[in-house]
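Laboratory data are not the source of any read-out in this text; all were calculated from the coordinates shown. Every value quoted in this text rests on a predicted model; they were computed, and no experiment measured them. Here the Cβ positions follow ideal geometry from the backbone for every residue, glycine too, while neighbour counts run over all protein chains shown.
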Amino acid sequence: MSYVMYKISNSGWIEVITGPMYCGKSEELIRRVRRVKIAKQKVKVFKPLIDDRYSKSDVVSHSGDSIEAISVDHPEEIIKRLDNSIDVVGIDEIQFFSDEIIDICEKMANDGIRVILAGLDRDFRGEPFGPVPELLARAEYVDKLHAICVICGNPATRTQRLINGRPASYDDPVILVGASEVYEARCRKCHQVIKGVK
Ligand code: ADP
Ligand code: ZN
């Protein structure tokens, strides 16, 4: 990292960790939050409640690392759960929040909080995902990580969605809870999207 990510003044900021699935966004968020705790700063980590069977759950990386988090279904809830002692806020899976998350992140940063965001920059079609493009523009710091393309071994920047072993169609909904599908990290060349009917 080319910059120093410690809270050195009363000024807050926004940093975004982005890239495709498996690139290490959650790992990196967990690493940064651990260091915040070592520095004895107060931190709270949030994630979207996309599955309402769990009211509270951890941020868990694909390599099995985890850290305690609070699931919220609306961005406003994040503000409600903060108090003046909080130095740092981490949010995972930021792409699943509504656009209101943008103002919430700006407000927290303006109030002196270091805001660490992690989320997908693109959906399975390769299109910019939800509020992430705007957050990338507003952030002071951006890290775009790469996974490894499972087809050719080059750096992967995209998330391949497979439904019953075949590339998903452009028209398939971005969120399909409960469907039997898998996601893979792929590079631009190996990423496939079946053309939609429109
Ligand atoms: P993200 O939050 O970006 O989805 P995670 O932090 O959860 O990523 O997981 C990253 C870990 O995923 C890697 O350290 C590695 O152990 C594992 N992994 C599995 N498949 C791949 C892949 N194709 N490329 C890179 N890492 C992979
Ligand atoms: Zn490839």
Roughly how many debye, to the nearest 20, is the charge dipole of segment 13-96 about its Cα centre, given +1 on each Lys and Arg Cβ, -1 on each Asp and Glu Cβ, and no other charges? 420
Which order do peptides 134-142, 91-99, 75-83 fall in by mean Cβ count within 10 Å, highest first? 91-99, 134-142, 75-83
Kindly work out what percent of the DSSP beta bridges joining two residues of segment 3-145 are antiparallel, to the nearest 5. 10
In whole angstrom, and with the biggest value first, how far do the Cα coordinates of segment 90-133 range along each principal axis? 36, 16, 12
To the nearest 20 Debye, how big is the dipole of segment 63-162 about its Cα centre, given +1 on the beta carbon of each Lys and Arg and -1 on that of each Asp and Glu? 500
Computed from the beta carbon distance with a Förster radius of 41 Å, FRET efficiency for Glu140 and Ile194 to the nearest 0.05 stands at 0.60
Taking the chain as the reference, fit the longest principal axis to its C-alpha atoms, fit the long axis of helix 100-110 to the helix C-alpha atoms, and give the angle between the two in degrees, 0 to 90, nearest 10. 30
Difference of contour (0.36 nm per residue) and Cα-Cα distance, Asp103 to Ile79: 7.5 nm
Output needed for segment 40-99: three equivalent-ellipsoid semi-axes, defined as square roots of 5 times the C-alpha gyration tensor eigenvalues, in descending order, whole Å. 18, 16, 10
Toy charge model, Lys and Arg Cβ at +1, Asp and Glu Cβ at -1: the chain dipole around Cα centroid in debye, rounded to 20, equals 680
Tilt relative to the chain, helix 25-38 - C-alpha long axis, 0 to 90 degrees, to 10: 10
Which semi-axes, in whole Å and largest first, does the equivalent ellipsoid of segment 67-110 have when worked out from the alpha carbon gyration tensor as the square roots of 5 times its eigenvalues? 16, 14, 10
Binned at 10 Å from 0, what are the whole-percent values of the Cα-Cα distance distribution for segment 112-171, short to long? 19, 43, 28, 9, 1
I need the peptides 17-25, 156-164, 66-74 ranked by packing, meaning the mean over residues of other C-beta atoms within 10 angstrom, with the highest value on top. 17-25, 156-164, 66-74
For Cys152 and Glu181, compute 0.36 nm times the residue count separating them, minus their Cα-Cα distance, and round to one decimal in nm. 8.3 nm
Stokes-Einstein D for the chain, Kirkwood Rh over Cα pairs, 37 °C, 0.692 mPa s (µm²/s): 188
